[in-house]
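Inspection log for the structure reproduced underneath, given as structure tokens.
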Amino acid sequence: MVKLLYQKSISELHDLLVRSEVSAADITRSVLDRVDQVEGRIKAYVTVTAERALAVADEVDKKLAAGEKMGPLAGIPMALKDNMCTRGVRTTCSSRILENFVPPYNATVVEKLAGAGSPVIGKTNLDEFAMGSSTENSAFFTTSNPWNPDLVPGGSSGGSAAAVAAGEAIYALGSDTGGSIRQPASFCGVVGMKPTYGLVSRYGLVAFASSLDQIGPLTRNVTDCALVLQAIAGPDERDSTCAPGPVPNFAAALTGDVRGIRVGVPKEYLAQGVDPRVAGTVQAAIDLLAAMGAEVEETSLPHTSYALPVYYLIAPAEASSNLARYDGVRYGYRAAVTGDVVDMFMRTRSEGFGAEVKRRIMLGTYALSAGYYDAYYLKALKVRTLIKQDFDRAFERYDVLLTPTSPTLPFKKGERTMDPVAMYLSDICTLAAPLAGIPALSLTCGFVDDLPVGLQLMGPPFGEQTLLRVAHAYEQKAGHWRRSAEGV
Amino acid sequence: MATEYETVIGLEVHVELKTKSKVFCHSTTEFGADPNSHVCPVCLGLPGVLPVVNRQVVEWAILLGSALNCEIASFSKFDRKNYYYPDMPKNYQISQYDLPIALGGYLDIEVDGVKKRIGITRLHMEEDTGKLVHQGTITTTPYSLVDYNRAGVPLLEIVSEPDLSSPAEARAYAEKLRQIIVYTGVSDGKMEEGSLRCDANVSVRPRGSTQLGTKAEIKNMNSFRALQRALAYEVERQTGVLGEGGRIVQETRTWDEGQGVTLSLRSKEEAHDYRYFPEPDLVPLVIDPAWVQEIRSRLPELPEARAARYVEKLGLSAYDAGVLTAEKSLADYFEACLALYPEAKGVAKGVANWLMGDLARLLNAAGVSVEEGRVTPERLTGLLRLIDQGDISGKMAKEVLEVMYVSGLDAAQVIKERGLSQISDEGALLDVIRAVLTENEKVVADFRAGKDKAVGFLVGQVMKKTRGQANPDAVNRLLRETLQSDQGSTTHQ
Amino acid sequence: MAQSGTEGCPVQLTKLSNSGKIIAGREAGCFVMTCCRKGRFSVITEKDVDHVALLGRLKLTDEERSLYTGQLNNILEHFERLKELATDDVPPTAHVLPLKNVFRADRTGPDLDQEEVLAGAPDRDGSYFKVPRIV
């Protein structure tokens, strides 16, 4: 019984805790044992913080013993993507340039979850500075997909997704800028959600693209996702772009009923470029939703194909500025030099950053540079408006929009590393939502060759309740969430 | 024939605001602490941090913009200015680019009696950088040290139109701007301390031409005097270069106070491409007219209006009004005195004279400002009262003031301690007068012979006998009366 | 026939606001677009890549320069499609949330300990960060 605790959901574990059938320490130890068992194969973690986790679990046990009422996340071990600042614990962004950086402060979400009593098992692997779609851009090592170790777990939150899928964490936090929570969720067969821009504070999230980044949950099922979202959402005076409250009750939205829900399926997302097996699996999900009483209809988001160039202009542009601070002066890696400070900057950054990061810095710098700002960056901001308007119009007619999460099944390690554009194309289904600032989640809708296929649902700004309702109802009816990777 | 050149100068002034906290975080702006001790994750630019705008900075920007007759933008935003320098924690500065908070203002200057209106192009908000410390000069030091205490301190940048036609005008503009800044209370405006910084863009062109010549940017002028000297040098340098058929290079030059020259700071890399783009971590500002009105209503009376009031309502000369309103603290002091002693005769002019004369002399000698000195308005008016009551002569009062200034005592205390009370008692004075007349028969005879000036000598003798404490007006009067009455009893020669 | 790219030359450019009003004048680098008629799309030359690398404080090896130039051209080719869209009357979206006027009060709060500030410093001198010479 104790051995299988790492397989359970948040609600199941909370139940056991409240009934004193297990202790928080039991749960954390179960997960840590699992880490010992599979981490050599999966390599989801950059840093494991076992002692800290057990200390938090002990605190929770004390409080429970004293009769204190604890929230649903108390004693539930989790993983944090290694681009969220944790005080006293190194935060590397899977980059050499921050390999030994130890923040003196906590991200807001970290403080919230600490307040909720959730032990942190460790910091998970990512594509360097969250730039990538496979976690292969990590400067340290590549994480494996728990369903098949030759395949990538997706990215950039590959470590977090793999940890949840492999039982190395009950839930995890990831960050999503162009699909970095949803796509790995799809590849790893878990639920992943990018909230509305501004629902969750970005304070303490190492910035990649400031107008797109959002922190979100990776969980085994939609109920767990709602519980985690509840704990991390809400206003933060340290983040000017964080929406003022109040935060609705997400769990209360999980009614199981989708009758009358209007579902739009934008045709552009099932057009050429999508693996027909993926399309077929998604179609089956559409059919099931219709059978459950939802009104499903084809629609169009005409500017969909422009999302890729718009994203790959805006995100690198903001990133080129956000990453300028890594210069070897105040923290992080510094190259050994005998020249002047410019020489030091250049060597430090060239030695400290990987190829994809450098590529995006140059691309972003180019897009902002004199003579090109109007043609590239400004143009992209304008087309972003058109993309957003597509969604605004769609949500006048539909409650949610439905698409595949990824155009393909999880791909092989090394398959796309030589061709940046091929890698960028993995994100074509997920890029638009951050551009419009809308919430989107991915959940498993079936399997092909024993590999999970992800279904993406998108909602209007602050439409998380509807999104979670539809996702939960479908998930319970279809039942795919029960199937997990081997040994989990 | 030699071409005559005219000068074109534009000034860029940076003002450090005296808010309690920095512009984008809650670190203190307090000056002078240990290096890197007034720093938080935000102003240090640690990974993951975000800025949040200090409302006071926006309000003061609107306040100063209003004082400078600017149009306050109804929509404004922040932008990132991207460049690398070790004193920049993020290697970008949060500033304002195309939608600054204030545009299109002016201020009036007067040089050699000629009034001129200088346009102000824009005023915007930005954050300050950290400070670099070098061993020796920036060009010879093997390494530099960085202190980020100043990083994130709020700045307002004020850019003038290139309307200034001489170094003297530039100085007048800078001084007037500083005066207005201090009046609004948003900054101490001290160039020597760095809370006011001036950079200049200077070019020359043939007289009458409408095209702008190539400009050089001049930095490192740390006083108004240095500003004027540096600009004068630069104008001469540029005129010289053009006169010899050369071309002016557009570059940044630094003023070397010691050598009295500007030196080129041309760096080896190409011109900056700041790649401005809207700051994604900060939301835009929508400034509604009611808010601007409310802030505008808080504007204190500005120097020009205050001086005009002194002339109209208090009967002071334009010159006196100008001197008194040059520093807000002096004008405040002046009015405090008036408020304390409204019933004095000829009070405004009287107080003004004391302030501009003796008190100013004492303060200037010590390099201290009127609010820092020990003679408070209460103490000064106390002294004036004693003069008017006749307890002390005007001449004595000057000495008393010096003692008050040094000791911080009241006038009454000083007079008592030093026994400087003025003798006005007629009986006592007559005794002394009699004695002096007796001792100086020849002078008395001179007086009777028609030499009126001899009275002065006799008055002086009375003053000497009383160690200066006799009331000179009374002495003069009584002496003449005594001489007249005595005359009656002597025979004419 | 291939036409080799001409080098960019600095040009005086005046930055305009959205309404066309001149706000600030400044110098800017200008790059001439190169069209290679061999059929391979080419907007960005190796010299451009050097310039952009300098702006981003990156030092490239010869192989990297060549590789990145090819890859960046590849990427930029996909952006050409944006020209198909008429956007003159479309406002840019810099912020997706309609938030405005988010402020904090002028109050001080706890600062970092001096040691915490300097703890990660790759090089320091007492309470200062130390960097190599600036010029």
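The values are calculated or read from the model by the stated rules, or taken from the named source; none is laboratory data. As the structure is a computational prediction, the values presented were derived from the model and not from experiment. Here Cβ is always computed from backbone atoms with ideal geometry, including for glycine, and neighbour counts include all displayed protein chains.
Which residue is surrounded by the fewest Cβ atoms within 10 Å (Cβ to Cβ), if the candidates are limited to segment B:80-94 and must be touching a residue at least 40 places away in the same chain (Cβ under 8 Å) and out of contact with any Phe, Trp or Tyr (no Cβ under 7 Å at 6 or more places or on another chain)?
Checking each candidate, the answer is B:85.
Of the residues that sit in segment C:93-102 and are surrounded by fewer than 17 Cβ atoms within 10 Å (Cβ to Cβ) and not basic (Lys, Arg), which one is nearest to the other protein chains (Cβ to nearest Cβ)?
The extreme case among them is C:99.
Within segment B:43-57, which residues are among the hydrophobic types (A, V, I, L, M, F, W, C), within 15 Å of residue C:103 (Cα to Cα) and within 10 Å of chain C (Cβ to nearest Cβ)? So that I can check it myself, show each step before the final result.
To start, the set of residues in segment B:43-57 that are among the hydrophobic types (A, V, I, L, M, F, W, C) comprises B:43-44, B:46, B:49-50, B:52-53, B:57.
Those left that are additionally within 15 Å of residue C:103 (Cα to Cα): B:50, B:52-53, B:57.
Selection gives B:52, B:53, B:57.
Please verify whether residue A:262 is in contact (Cβ under 8 Å) with a residue 60 or more places away in the chain, in contact with a Phe, Trp or Tyr (Cβ under 6 Å, 6 or more places away or on another chain) and surrounded by fewer than 19 Cβ atoms within 10 Å (Cβ to Cβ), treating the condition exactly as stated.
yes
Which residues, taken from segment A:429-458, are surrounded by 24 or more Cβ atoms within 10 Å (Cβ to Cβ) and of a type in the set (Val, Ile, Thr)?
Within segment A:429-458, A:430, A:438, A:444, A:453 qualify.
From the list B:435, B:428, which residue is farther than 15 Å from residue B:480 by Cα, part of a helix (DSSP H, G or I) and not charged (D, E, K, R)?
Residue meeting the stated conditions: B:428.
If I ask for residues that are within 25 Å of the chain's Cα centre (by Cα), in a loop (DSSP other than H, G, I, E, B) and not charged (D, E, K, R), which ones from segment A:272-296 would you list?
Of everything in segment A:272-296, those that are within 25 Å of the chain's Cα centre (by Cα), in a loop (DSSP other than H, G, I, E, B) and not charged (D, E, K, R) turn out to be A:273, A:274.
In this structure, does residue A:282 turn out to be crowded, with 23+ Cβ neighbours inside 10 Å and either modelled with pLDDT of 95 or more or over 22 Å from residue A:78 (Cβ atoms) (or both)?
yes
If I ask for residues that are crowded, with 24+ Cβ neighbours inside 10 Å and out of contact with any Phe, Trp or Tyr (no Cβ under 6 Å at 6 or more places or on another chain), which ones from segment A:349-365 would you list?
Scanning segment A:349-365 gives A:349, A:353, A:360, A:361, A:362, A:363, A:364, A:365.
Pick out, from segment B:288-406, the helices (runs of 4 or more DSSP H) lying fully within it that include 2 or more residues that are among the small types (Gly, Ala, Ser).
Output list reads B:303-314, B:318-325, B:328-340, B:347-354, B:360-366.
If the requirement is being of a type outside the set (A, V, I, L, M), at negative phi and modelled with pLDDT of 85 or more, which of these qualifies: B:488, B:460, B:427?
The match here is B:460.
Does segment C:103-135 hold any residues that are facing chain A (nearest Cβ under 7 Å) and among the aromatic types (Phe, Trp, Tyr), and which are they?
C:129
All but one of (1) charged (D, E, K, R); (2) surrounded by fewer than 14 Cβ atoms within 10 Å (Cβ to Cβ); (3) part of a helix (DSSP H, G or I) hold for residue B:467; which doesn't?
Going through the list (1) charged (D, E, K, R); (2) surrounded by fewer than 14 Cβ atoms within 10 Å (Cβ to Cβ); (3) part of a helix (DSSP H, G or I), residue B:467 breaks only (3).
Evaluate the following for residue B:413: is it outside the structural domain of residue B:484 (by TED's automatic domain parsing), assigned to a helix (DSSP H, G or I) and either in contact (Cβ under 8 Å) with a residue 12 or more places away in the chain or out of contact with any Pro (no Cβ under 7 Å at 6 or more places or on another chain) (or both)?
Yes, satisfied.
Considering every residue within segment A:149-158, establish whether at least one is assigned to a strand (DSSP E or B) and touching a strand residue (DSSP E or B) at 6+ places or on another chain (Cβ under 8 Å). Lay out the reasoning, then the answer.
Keep residues of segment A:149-158 that are assigned to a strand (DSSP E or B), which gives A:151.
Filter once more, so that each one left must be touching a strand residue (DSSP E or B) at 6+ places or on another chain (Cβ under 8 Å): A:151.
Yes: one or more hits.
Residues are listed down the side, and each one gets a yes or a no for (1) over 30 Å from residue A:437 (Cβ atoms); (2) without any contact (Cβ under 8 Å) to a residue 40 or more places away in the chain; (3) of a type outside the set (S, T, N, Q); (4) not in a loop (DSSP other than H, G, I, E, B):
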site: C:57; (1), (2), (3), (4): yes, yes, yes, no
site: C:65; (1), (2), (3), (4): yes, yes, yes, yes
site: C:79; (1), (2), (3), (4): no, yes, yes, yes
site: C:101; (1), (2), (3), (4): no, yes, no, no
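At least 1 residues that are within 30 Å of residue B:140 (Cα to Cα) and either in contact with a Gly (Cβ under 6 Å, 6 or more places away or on another chain) or more than 7 Å from chain C (Cβ to nearest Cβ) (or both) in each: list the helices (runs of 4 or more DSSP H) lying fully within segment A:323-400 that qualify.
Answer list for segment A:323-400: A:341-352.
Does at least one position in segment B:438-455 carry a residue that is touching a residue at least 60 places away in the same chain (Cβ under 8 Å), polar (S, T, N, Q) and either surrounded by 13 or more Cβ atoms within 10 Å (Cβ to Cβ) or closer than 29 Å to residue B:388 by Cβ (or both)?
No, because not a single residue in segment B:438-455 is touching a residue at least 60 places away in the same chain (Cβ under 8 Å), polar (S, T, N, Q) and either surrounded by 13 or more Cβ atoms within 10 Å (Cβ to Cβ) or closer than 29 Å to residue B:388 by Cβ (or both).
So residue A:235 clears everything in (1) surrounded by fewer than 24 Cβ atoms within 10 Å (Cβ to Cβ); (2) part of a loop (DSSP other than H, G, I, E, B); (3) under 22 Å from the mean Cα position of the chain (by Cα); (4) more than 14 Å from chain B (Cβ to nearest Cβ) except one condition, right? Which one?
(4)
Can you tell me which condition residue A:198 does not meet? The list is (1) outside any strand (DSSP E or B); (2) within 23 Å of residue A:407 (Cα to Cα); (3) touching a residue at least 60 places away in the same chain (Cβ under 8 Å), and all the others hold.
Answer for residue A:198: the failing condition is (2).
Just give me the residues in segment C:107-122 being assigned to a loop (DSSP other than H, G, I, E, B) and more than 33 Å from the chain's Cα centre (by Cα), in sequence order. Working first, answer last.
Here is the first cut: in segment C:107-122, the ones assigned to a loop (DSSP other than H, G, I, E, B) are C:107-113, C:120-122.
Once the filter is applied, which keeps residues that are assigned to a loop (DSSP other than H, G, I, E, B) and more than 33 Å from the chain's Cα centre (by Cα), segment C:107-122 yields C:107, C:108, C:109, C:110, C:113.
Looking only at segment B:133-170, count every residue that is under 28 Å from the mean Cα position of the chain (by Cα) and in contact (Cβ under 8 Å) with a residue 40 or more places away in the chain and tell me the total.
Of the residues in segment B:133-170, 21 are under 28 Å from the mean Cα position of the chain (by Cα) and in contact (Cβ under 8 Å) with a residue 40 or more places away in the chain.
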